[in-house]
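These notes are about the structure you will find just below.
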Amino acid sequence: MGDLPLDLQVNLLRFLEDHRIERLGASTSVDVNVRVIAASHVNLEQAVADGRFREDLYYRLNVLRLKVPPLRERDGDVRRLAQCFFDQFRAEAHPRVRGFTHGALQSMENHSWPGNVRELINRVRHAMVMGEHPLITAADLGLTPNGPPAELTLDQVRDEAERHAVENALRRVPNNLSEAARQLGISRVTLYRLIQKHDLRT
């Protein structure tokens, strides 16, 4: 809205006052009954003072004003939005990707998000498509791991250690599940169960 040229601002003001439009190619106007929601990244009050935005249009639009703070000021919203976008784009994701590491969530909360919500969408979507591990890391998001470590439950610590141990064993002896199970001190059946549990490649 803040970038609308002055000549088009006149047309918009006329529409808001008369509730009438003229379709392209038509010779008569028609009445319309609509609600208008306008958004702007420009400070319209300053634009009015600078002569870049009509004062009468500003007051015509500014009936009910909602201020949406930038993402960096919305405490707790980053995690919820990241999960929302993860669910939204799940169909596009690598089939192994199923969520975020605690480090990734912490890094997202500590990031300043200069690109606001669009940047969050872009980073999450890119990590989902390109990631090859079950959990998206800060590196997958293009963020630097920072901030204090997130609090983990004992079960989460055990799961993380278990997954790393199995991954390392499979990496040391590729294509030899019996040897990997022996090195881990577990049966081959248990190893199969852990591979399925952590969605690991064999």
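Put a dot 7 Å past each Cα toward the Cβ at His19 and Ala91; how far apart are the dots in nm?
3.9 nm
How much of the accessible area of the chain, in percent, comes from carbon and sulfur atoms when a 1.4 Å probe is used?
Whole-percent figure for carbon plus sulfur exposure: 51.
Once you charge only the Cβ atoms, +1 for Lys and Arg and -1 for Asp and Glu, what is the size of the charge dipole of the chain about its Cα centre, to the nearest 20 debye?
Around 840 debye, computed over the chain.
Sort Asp199, Asp3 by accessible area with a 1.4 Å probe, largest first.
Asp3, Asp199
Work out the length of the dipole vector of region 156-202 about its Cα centre, built from +1 on the beta-carbon of each Lys and Arg and -1 on the beta-carbon of each Asp and Glu, and round it to the nearest 20 debye.
140 debye
Please give the per residue accessible area of the chain, computed with a probe of 1.4 Å over protein heavy atoms only, in Å².
68 Å²
Pairs of Cα atoms under 8 Å, at least six residues apart: use those to get the relative contact order of the chain, whole percent.
15 percent
Ordering Ser40, Ser107 from largest to smallest accessible area (1.4 angstrom probe), what's the sequence?
Result of the area sort, largest leading: Ser40, Ser107.
Under the rule that an exposed site lies in a DSSP loop and has at most 14 other Cβ atoms within 10 Å, name the longest stretch of the chain with no GluC sites (Glu not before Pro) of that kind, not counting the sites themselves.
Value returned for the longest uninterrupted segment is 23-131.
Charges on Cβ only, +1 for Lys and Arg, -1 for Asp and Glu, centred on the Cα centroid of the chain; of Gln88, Leu143, Asn175, which one is farthest towards the dipole's positive end?
Asn175
Using unit Cβ charges (K, R positive; D, E negative) and no other charged atoms, how large, in debye to the nearest 20, is the dipole of region 73-146 about its Cα centre?
Approximately 180 debye in magnitude.
What whole number of Å gives the distance from the Cα centroid of region 112-144 to the Cα centroid of region 55-75?
Computed from Cα coordinates, the inter-centre distance equals 28 Å.
Please work out which option in [x] 10.8; [y] 18.0; [z] 12.0 gives mean projected area of the Cα convex hull in nm² calculated from these coordinates, and answer with its label.
[y]
With point charges of +1 on the Cβ of Lys and Arg and -1 on the Cβ of Asp and Glu, referenced to the Cα centre of region 1-152, which listed residue (Val42, Ile121, His133) lies farthest in the positive direction of the dipole?
Farthest towards the positive end: His133.
Can you tell which of Ala165, Ser112, Val189 lies farthest toward the positive end of the dipole of the chain, using +1 and -1 charges on the Cβ of basic and acidic side chains (Lys, Arg; Asp, Glu)?
Val189
The values are calculated or read from the model by the stated rules, or taken from the named source; none is laboratory data. Everything numeric here is computed off the predicted structure, so don't read it as measured data. As a convention, Cβ positions derive from the backbone with ideal geometry for all residues, glycine included, and neighbour counts pool all protein chains shown. To get the accessible areas, we keep the full protein, side chains included, count just its heavy atoms, and leave off ligands, DNA and RNA. Shrake-Rupley method; radii C 1.70, N 1.55, O 1.52, S 1.80 Å.
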